[in-house]
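J.: Structure in structure tokens, see below.
The values are calculated or read from the model by the stated rules, or taken from the named source; none is laboratory data. Bear in mind that the values here come from a model prediction, so they are computed numbers and not experimental data. Neighbour counts run over all protein chains shown; Cβ positions are idealised from the backbone, glycine included.
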């Protein structure tokens, strides 16, 4: 029996993870949950899975939940704030922590779990984007394993299958292209949040869906792939694959390639991370090969979608620049969703913030967090002007 903690249980990854866990009660037990919002859903999760400890990042929501759960007589402790989330991440009897909090908020709890010696099923790409060197250093110290949950990185992990770095020519991350694949820049000037949230293939949270539409999500995944696999930036490429069947490709030194294919369903990579090196049965609907009408691949248009190029630039510069890229993007995306800026303002704001940043080395957590704080303040200042 493997004891599981889920950070971000009410989000898309958290819900899918609980769906997998519920189907294998003899293999997995939920001992801890953490969430920020979605309190009504969190109540249902507590009632169904009976965790020992639950953390709610929002203090007001936490007080409300604590009063209701106490009234129901359930044997669960409720703790509050981000310190509470980190406490859940380091639960003594937890084996695996699913890190699925959206954005840079997931860094400190994930780092806490690593330092506590927990295995990490990582869906929070921002942790490696902004603090990849720190996380990798702590993984070596603690002996924790990190297994990727992002579909693209799970695909690469499966295709590499222990291959040496020298045998790999390049990694190819695939991207659906989002709802605006094939559009020209002038066609994106009046895009509304509702337009950008209509992803053609995946059901995801609002922030990651916008990142998919701008291609920033793929840029963050490039940085994550470098931190995960130790492959140099110039050997990590991106291709647009609108069908979302091929989730990533490894090209080897001899010219051969291996790709991982499946229907787009996050339960697949979640289940693989939880059960590795085994595979659980009947997680996804198998592909119907005879019904496939073609798999196509295209180079991304960085003139129309400059966020991808900004991510490569930030990764190449290094230091605290990836943290600044990520923080500025988070602020810009939320401003777009709130109707304060246009879709094409997102990369412009990120570029401006990156231009004004004084780069520092990123081996200390306080330095990374300060860069994150500065970039948020700077992005907000640019938006307000």
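J.: Which count do you get for residues in region 137-190 that are more than 22 Å from the chain's Cα centre (by Cα), surrounded by 15 or more Cβ atoms within 10 Å (Cβ to Cβ) and in a loop (DSSP other than H, G, I, E, B)?
T.: Residues meeting the conditions: 1.
J.: What number of residues in region 290-318 are part of a helix (DSSP H, G or I) and either at pLDDT below 95 or more than 22 Å from residue 173 (Cα to Cα) (or both)?
T.: The initial filter retains those residues of region 290-318 that are part of a helix (DSSP H, G or I), namely 290-291, 307-317.
From what's left, either at pLDDT below 95 or more than 22 Å from residue 173 (Cα to Cα) (or both): 290-291.
Summing the residues that are part of a helix (DSSP H, G or I) and either at pLDDT below 95 or more than 22 Å from residue 173 (Cα to Cα) (or both) in region 290-318 gives 2.
J.: Mind counting the residues in region 166-191 that are on the phi < 0 side of the Ramachandran plot, free of Cβ contacts under 8 Å to residues at least 60 places away in the same chain and out of contact with any helix residue (DSSP H, G or I) (no Cβ under 7 Å at 6 or more places or on another chain)?
T.: Result for region 166-191: 2.
J.: Any idea which of 215, 197 is under 19 Å from the mean Cα position of the chain (by Cα), without any contact (Cβ under 8 Å) to a residue 40 or more places away in the chain and more than 30 Å from residue 278 (Cα to Cα)?
T.: That would be 197, the only listed residue that is under 19 Å from the mean Cα position of the chain (by Cα), without any contact (Cβ under 8 Å) to a residue 40 or more places away in the chain and more than 30 Å from residue 278 (Cα to Cα).
J.: Now a separate question. Can you tell which of 90, 100 is in contact with a helix residue (DSSP H, G or I) (Cβ under 9 Å, 6 or more places away or on another chain) and in contact (Cβ under 8 Å) with a residue 40 or more places away in the chain?
T.: Criteria check complete, one pass: 100.
J.: Which numbered condition trips up residue 310, out of (1) touching a residue at least 40 places away in the same chain (Cβ under 8 Å); (2) surrounded by fewer than 17 Cβ atoms within 10 Å (Cβ to Cβ)?
T.: The one condition residue 310 does not meet is (2).
J.: Inside region 1-109, counting only helices (runs of 4 or more DSSP H) that do not spill past its ends, which hold 3 or more residues that are under 30 Å from residue 369 (Cα atoms)? Talk me through it step by step, then tell me what you get.
T.: Numbers: elements: 12-22, 39-49, 59-72, 81-89.
Qualifying helices (runs of 4 or more DSSP H): 12-22, 59-72, 81-89.
J.: Suppose the filter is part of a loop (DSSP other than H, G, I, E, B) and out of contact with any helix residue (DSSP H, G or I) (no Cβ under 9 Å at 6 or more places or on another chain); does residue 279 pass it?
T.: When the stated conditions are applied, residue 279 does not pass them.
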